[in-house]
Amino acid sequence: MAIERTLSIVKPDAVGKNVIGKIYDRFESAGLKVVAAKMKHLSRSEAEGFYAVHKERPFFNDLVQFMISGPVMIQALEGENAVLKNRDLMGATDPKKADKGTIRADFADSIDANAVHGSDSAENAAIEIAYFFAASEVYSR
Ligand code: IDP
């Protein structure tokens, strides 16, 4: 299976709950490596740009407001089938519908405050990683 990269964000709710390490443990236990990482308090324009694909959706303003409500932890993950593997670890967008044992089932409170972001395709992963990291900041290993 191909080695892929995906972009992951620990959202402000999970950073606020002090569970960055617990979430990283899920990635590492599943065989995903953190190959880039930074903590950042996004500006409104950074959050709007990142979620531009959702700008016509009714929840866009709430989503942006939530994403700038506190610092986030942003990481690129690398491993076999990384995009899907991370989506499986995250669970469904709505934590009430997320499978038991997933990050969102265990750490998220609501569809707005749902603990993590993860790229939904390898193509988007490449775009999202480049949005936050220069190539020289990603350490393949
Ligand atoms: P994903 O994060 O599981 O990939 P997307 O559909 O890409 O889900 O939506 C991006 C983010 O927008 C979600 O993680 C969630 O925080 C928020 N969101 C999605 N749908 C809704 C909704 O119906 N109400 C409120 N927020 C939503």
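The values are calculated or read from the model by the stated rules, or taken from the named source; none is laboratory data. Quick caveat: nothing in here was measured; it's all calculated off a predicted structure. Here the Cβ positions follow ideal geometry from the backbone for every residue, glycine too, while neighbour counts run over all protein chains shown. Keep in mind that these areas ignore ligands, DNA and RNA; they rest on the heavy atoms of the full protein, side chains included. Shrake-Rupley method; radii C 1.70, N 1.55, O 1.52, S 1.80 Å.
Looking across the stretch 109-127 at every residue that is out of contact with any helix residue (DSSP H, G or I) (no Cβ under 6 Å at 6 or more places or on another chain), among the hydrophobic types (A, V, I, L, M, F, W, C) and assigned to a helix (DSSP H, G or I), the one that is farthest from Gly70 (Cα to Cα) is identified as Ala126.
Could we say that Ser8 is in contact with a Pro (Cβ under 7 Å, 6 or more places away or on another chain) and surrounded by 15 or more Cβ atoms within 10 Å (Cβ to Cβ) here? Answer is no for this residue. Inclusion of Ala135 among residues that are under 19 Å from Arg26 (Cβ atoms) and of a type outside the set (Val, Ile, Thr) is not warranted.
Restricting Ala82, Ala105, Ala98 to residues that are within 11 Å of the ligand (Cβ to nearest atom) and surrounded by 13 or more Cβ atoms within 10 Å (Cβ to Cβ) narrows the list to Ala98.
The residue that is nearest to the ligand (Cβ to nearest atom), counting only those in the stretch 22-53 that are closer than 24 Å to Asp88 by Cβ and open to solvent by 50 Å² or more (accessible area, probe 1.4 Å), is Val53. Within the stretch 113-131, one or more residues are more than 19 Å from Leu32 (Cα to Cα), touching a residue at least 12 places away in the same chain (Cβ under 8 Å) and away from the ligand (no atom under 12 Å from the Cβ).
Among the residues of the stretch 85-94, those identified as within 10 Å of the ligand (Cβ to nearest atom) and either of a type in the set (Val, Ile, Thr) or surrounded by 14 or more Cβ atoms within 10 Å (Cβ to Cβ) (or both) are Arg87, Met90, Gly91, Ala92, Thr93.
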